[in-house]
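Just so you know, all these numbers are worked out from the coordinates, no wet-lab data involved. The structure displayed is predicted, hence computed values, not measured ones.
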């Protein structure tokens, strides 16, 4: 069955205070979506990520390796988490992504994984 990356995107300055009722509600919604994925057999793996400011970018060019702090992309939106799912086809993956977007409160990018 094909696998897809569902990546969750947030603004660069996105910070969650998990002690607030709003954050607890969002956590509950994502947990319910995770349960749905697991029950349906679509679940492969998922994880939240620390802010993009915690990233290190490693580049290799001409035999030389360089490392820089922070994200490579020059954009306000950064990946904040992801799911790896398996789905019969792209339409099913897009339907699941729509539910993930509702649960996470952020846009979801869907990408097929190479076989």
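For the chain, the longest principal axis of the Cα atoms and the long axis of helix 21-40 meet at an angle of about 70 degrees.
Normalised by residue number, the volume inside the convex hull of the Cα atoms of the stretch 30-85 is 106 Å³ per residue. Inverting the pair-averaged 1/r between distinct Cα atoms of the stretch 3-112 gives 15.3 Å as its Kirkwood hydrodynamic radius.
Whole-percent P(r), the stretch 60-115, all Cα pairs, 10 Å bins from 0: 18, 36, 27, 16, 3. Between 0 and 90 degrees, the angle of helix 90-104 with respect to the longest Cα principal axis of the chain falls at about 90 degrees.
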